[in-house]
Amino acid sequence: MTATSVTTASPRSDTRLPLAALTVMASTIFIVIMTETMPAGLLPQIADGIGVSAGAAGQLVSAYAIGTVLAAIPAIVLTRGVRRKPLLVVGLLGFLIANTVTALAPDLALALVVRFVAGAFSGLLWGMLAGYALRITAPERAGRALAIAMSGTPVALAAGTPLGTWLGATVGWRWTFAAMSLLVALVLVAALFLVPDAPGQEARTRLPFAKVLRLPGVATILAVVFVWMLAHNLMYAYIAPYVQQAHLDLKPDVALVVFGVAAIGGIWITGTLVDRMMRRLVLASISLFIVAGAVLLATQGSTPLAIVAIILWGVAFGGSATQLQTATGAAAGANADAAIALVTTSFNLAIFAAGAVGGILVDGVGARSLPVAMIVLAAVSLIAVGFGRRAAFRPAH
């Protein structure tokens, strides 16, 4: 099977990109990322607002991540045959309700339950959006379509999360979640009018997840997802202690904005090249990741050098989701939704592992060891891509 079988469910008479629909999908991804990350920047306000410690309020992030990990695969199993547009609408409605209830939550218990539910809807949307984008796009434009659909991630990291943090500090954290609900409502209306429908996967083409995992190239891609994203999240999650211990004249939030803006450049580069040179693009991205880690390791208190490293890191990471999901769609063919649900699970497991491993490194040997881990793990990813050349990271068409 090839990626062509993903798109034949909704044949197109031309090769033009469905830009309006892909923009709605990018906005949906923006909402997913914003909803996930907002509590991290608002922990003091949330803790004061519901009368708990900052550590307890931080479990709002964990509850969301757990919901995503636990729901991604079951959600796709249950919905593989469901038409895509109603599924998108249900997912957005879930976020509308979850953010609204979070804004009104009187205590931590209710907030945690709602955040878990939001994470479950995140697992559903992450698992189906990439395949949906492929279904409504000509095969030769698959990579570019995913680049547009996934662009919501770097935009959320570069602008959305800092804006949400500022808004929460200015008018209160509850109003920030209320504003997110308003945004979800607008995107929901746009989805109803601008996104074409597409059928679910035909029953005769559905493989069990165990067999999807055994499709040539899929296991290799999942391994690269976990190791590469572990390398990324080690540094991303612990950027604040790294900046402090490296004696950099740089605020963590400024560092993350620089990273996010650079990531937007990375996804633009990926969208331009991914359909023609998938393997070389992945190899170049991971290699640049290693270079960024080496520059961070060599900063020795140099803020300008650290900024250069963060820019390289952002460019290297920006297109990673598009590259990995495009490669997964090409390897899994008609079972792309199932394979991408596995990618989502692997990605979130990497986030969990980064929290634990990063904490050990930071508390044990210091945050300046993080670039070393970043380099080593990225090098392992690079080797895995090299060994997977026969089946993994092939052009989508």
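The values are calculated or read from the model by the stated rules, or taken from the named source; none is laboratory data. This structure is a prediction, so every number in the text was calculated from the model and none was measured. No Cβ is skipped: glycine too gets one built from the backbone with ideal geometry, and neighbour counts run over all protein chains shown. Surface areas here come from the heavy atoms of the whole protein model, side chains and all, with no ligands, DNA or RNA. Shrake-Rupley method; radii C 1.70, N 1.55, O 1.52, S 1.80 Å.
Over the chain, average the accessible area per residue using a 1.4 Å probe and give it in Å², no decimals. Kindly include the intermediate steps, with their values, before the conclusion.
On the way: 15340 Å² over 397 residues.
Counting only protein heavy atoms, the per-residue value for the chain is 39 Å².
Evaluate the relative contact order of the range 283-347 (contact order divided by residue number), counting alpha-carbon pairs under 8 angstrom at least 6 apart; express in whole percent. Write out the running numbers ahead of the final one.
Values: 42 pairs, mean separation 17.0, N = 65.
Relative CO of the range 283-347 lands at 26 percent.
Name the most mobile residue of 217, 123, 386, meaning the one with the largest mean-square fluctuation, in a Gaussian network model of the chain with Cα contacts below 10 Å.
Per the Cα network of the chain with a 10 Å cutoff, 386 tops the list.
Let me test this: with uniform point scatterers at the alpha carbons of the range 245-321, what is the Debye-based log₁₀ I(q)/I(0) at q = 0.17, 0.19 1/Å?
-0.62, -0.74
7 Å from Cα along Cα→Cβ at both residue 93 and residue 253: what's the point-to-point distance in nm?
So the label points at residue 93 and residue 253 sit 3.7 nm apart.
Normalising by the residue count of the chain, find the relative contact order in percent from Cα pairs under 8 Å and 6+ residues apart. Mind showing how you got there, number by number?
On the way: 736 pairs, mean separation 105.7, N = 397.
Reported as a whole number, the value is 27 percent.
Please state the shape class of the chain: rounded when a/c is under 1.5, otherwise prolate if a/b exceeds b/c and oblate if not, all from the C-alpha gyration tensor.
Oblate.
Mean Kyte-Doolittle hydropathy of 1.0 or higher plus an axial Cα length of 20 Å or more: which whole DSSP H helices in the chain meet both? Spell out each step's value before the answer.
Working: long enough: 19-41 (32 Å, 1.57); 59-79 (28 Å, 1.79); 84-104 (30 Å, 1.46); 108-135 (40 Å, 1.57); 173-194 (31 Å, 2.00); 218-237 (27 Å, 1.84); 252-273 (31 Å, 1.69); 278-297 (29 Å, 1.98); 303-318 (22 Å, 2.11); 336-364 (41 Å, 1.49); 370-387 (26 Å, 2.57).
Correct list, ordered by number: 19-41, 59-79, 84-104, 108-135, 173-194, 218-237, 252-273, 278-297, 303-318, 336-364, 370-387.
Grab the Cα-Cα distance for residue 214 and residue 15, subtract it from 0.36 nm times how many residues apart they are, and report the gain in nm with one decimal. Before the final figure, lay out each step's value.
Numbers: separation 199, 0.36 × 199 = 71.64 nm, distance 3.16 nm.
Full extension of this stretch gives 68.5 nm more.
Stokes-Einstein at 20 °C, 1.002 mPa s, Kirkwood radius from Cα pairs: D for the range 319-360 in µm² s⁻¹? Present the calculation step by step, with values, prior to reporting the outcome.
Numbers: Rh = 11.1 Å.
Estimated diffusion coefficient is 193 µm²/s.
With a 10 Å cut-off between alpha carbons and a GNM built on the chain, which of 209, 30, 226 moves the most?
209
Give the shape of the range 151-229 as rounded, prolate or oblate, defined through the alpha-carbon gyration tensor: a ≥ b ≥ c are the square roots of its eigenvalues, a/c under 1.5 means rounded, and otherwise the shape is prolate if a/b is larger than b/c and oblate if not. Intermediate results must be reported in sequence, preceding the final value.
On the way: a/c = 3.51, a/b = 1.66, b/c = 2.12.
Note, shape of the range 151-229 comes out oblate.
Could you look at the range 8-165 and say what percent of its accessible area is carbon and sulfur, using a 1.4 Å probe and all protein chains?
Values: 3850 of 5390 Å².
The C+S portion of the solvent-accessible surface of the range 8-165 is 71 percent.
How long is the gain from residue 240 to residue 280 if the chain were fully straight, where each residue apart is worth 0.36 nm and the alpha carbon distance is subtracted? Write down the numbers at each step before the final one.
Numbers: separation 40, 0.36 × 40 = 14.40 nm, distance 3.26 nm.
That pair, residue 240 and residue 280, stretches by 11.1 nm at full extension.
Going from most exposed to least, what order do 363, 275 have by accessible area with a 1.4 Å probe? All intermediate terms of the calculation are to be shown ahead of the outcome.
Numbers: 363 135, 275 20 Å².
From most exposed to least exposed: 363, 275.
Once a ≥ b ≥ c are taken as the square roots of the eigenvalues of the Cα gyration tensor of the range 215-274, is the result rounded (a/c under 1.5), prolate (a/b larger than b/c) or oblate (a/b not larger than b/c)? Intermediate results must be reported in sequence, preceding the final value.
On the way: a/c = 4.72, a/b = 1.62, b/c = 2.91.
Taking the square roots of the gyration eigenvalues as a ≥ b ≥ c, the range 215-274 is oblate.
Please give the calculated 222 nm ellipticity per residue for the chain, where each DSSP H segment of at least 4 residues contributes -39500 (n - 2.57) and the sum is spread over every residue; nearest 500 deg cm²/dmol? The partial results should precede the final answer.
Numbers: 20 runs with 304 residues, N = 397.
Estimated from H runs of four or more residues: -25000 deg cm²/dmol.
For the range 113-198, place one equal point scatterer on every Cα, skip the solvent, and apply the Debye formula. What is log10 of I(q)/I(0) at q = 0.16 Å⁻¹?
Taking Cα atoms of the range 113-198 as identical point scatterers yields -0.83.
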